[in-house]
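Structure first, then comments.
The values are calculated or read from the model by the stated rules, or taken from the named source; none is laboratory data. Remember, it's a predicted structure, so these values are computed and weren't measured experimentally. Because the Cβ atoms are built from the backbone with ideal geometry, glycine has one as well, and the counts that use them run over all protein chains shown. Heads up: the accessible areas ignore ligands, DNA and RNA and are worked out on the full protein's heavy atoms, side chains in. Shrake-Rupley method; radii C 1.70, N 1.55, O 1.52, S 1.80 Å.
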Amino acid sequence: MTLGEWLETWLTLYIDPSELAQSTKACYHRAAISLPTALASHDMTDLTALDLMPWLVSVAKEHPRAAQLDRVMLSKALRVAKKLGLCPRCVIDHETLPKTAHRPKKAQILTIAEAQVYVLAAKNSPLYPLLALCLCGLRRGEALGVRWSDLENGYLMIRRQRLRGNRAYQTLPLKTEHSNRGILLPFALRRELEAWPRSITGWLCDATPEQLHREHKRVLQAAGLPNVTLHGLRHTFATAAAVQGQPMKHLQMALGHSKVKLTADLYADHLSPLSDLPATVWQDVAL
């Protein structure tokens, strides 16, 4: 069996039927497709990590994040292959297949003043509720998946997402169990939603990802704001909360992150390096 044949088998039998997020499955498929023909045709019985390294190194020079994802895909697939006795010589670990250094760029965000301008401009959009929810920390798919029945006594219960995958627009479970959450909506937004016309389909706004993206761009251009992505609105919300000193555990719950470490790693850099803790603690020590 060749490496390409094994990856196709692994994706079909192990990954596609799994409970992994649709976006994760898509990443594995993209990584497998990008494998060079010479590697894809390599026989599994004599495959080693040294055969894989030149390709990963070449990818990392131009696209370090893609090289990371390629490595993850290969590591997982070949670990299963070795247990099945298909790839006895290929040992994949940190020494034989080291991780590629990758420092992601910080997401561009809006300042508080810019966010205020954005909200005012977005009120003229037919998709204003969804844009406002993205600025409340929701992911794009989560905002698209909100139904009117998810609004309960001022709280929004986030229960599903709508994404485009495999050329189909689908309603899917949320990314992780922690993504299922409830958030208290701002009072002004609750009042606006009470007066908002309801669609017969039951969705808060029955729109596609492409329509939401276009509306977001139109609002930015109309307001003369920086070219921030929709996900940048989520980062704007989170950064504002971190700067205000909101506890990271609370922010983790609002964002639907699986671990508080992920939240802290993403947003701790936005905090001031100046700490008043010694002075605060010594108020009690130096009696």
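Structure notes:
- Subset of the range 136-154 that is more than 15 Å from P173 (Cα to Cα) and not charged (D, E, K, R) - its residue that is farthest from the chain's Cα centre (by Cα): N153
- Reported count of residues in the range 182-212, each being in contact (Cβ under 8 Å) with a residue 60 or more places away in the chain, within 19 Å of R139 (Cβ to Cβ) and open to solvent by 50 Å² or more (accessible area, probe 1.4 Å), is 1.
- Members of the range 21-36 that are farther than 15 Å from Q170 by Cα and of a type in the set (A, V, I, L, M, F, W, C): C27, A31, A32, I33, L35
- Flag if L130 is over 23 Å from M73 (Cβ atoms), of a type in the set (A, V, I, L, M, F, W, C) and either outside any loop (DSSP other than H, G, I, E, B) or over 25 Å from the mean Cα position of the chain (by Cα) (or both): yes
- The residue that is modelled with the lowest pLDDT, counting only those in the range 93-113 that are hydrophobic (A, V, I, L, M, F, W, C) and open to solvent by less than 40 Å² (accessible area, probe 1.4 Å), is L97.
- Subset of the range 3-23 (residues that are crowded, with 16+ Cβ neighbours inside 10 Å, in a helix (DSSP H, G or I) and within 22 Å of the chain's Cα centre (by Cα)): L11, I15, Q22
- Test: residue in the range 79-101 that is without any contact (Cβ under 8 Å) to a residue 60 or more places away in the chain, under 14 Å from L225 (Cβ atoms) and in a helix (DSSP H, G or I): no
- Restricting the range 236-257 to residues that are open to solvent by less than 30 Å² (accessible area, probe 1.4 Å) and of a type outside the set (A, V, I, L, M), the residue that is nearest to P126 (Cα to Cα): T236
- Options P64, P54: the member that is open to solvent by less than 70 Å² (accessible area, probe 1.4 Å) and either over 24 Å from the mean Cα position of the chain (by Cα) or not aliphatic (A, V, I, L, M) (or both): P64
- Odd one out for V119, checked against (1) farther than 23 Å from L262 by Cα; (2) surrounded by fewer than 16 Cβ atoms within 10 Å (Cβ to Cβ): (2)
- Among the residues listed as L204, L138, L156, L174, the single one being modelled with pLDDT under 90, in contact with a strand residue (DSSP E or B) (Cβ under 7 Å, 6 or more places away or on another chain) and within 23 Å of T236 (Cβ to Cβ): L174
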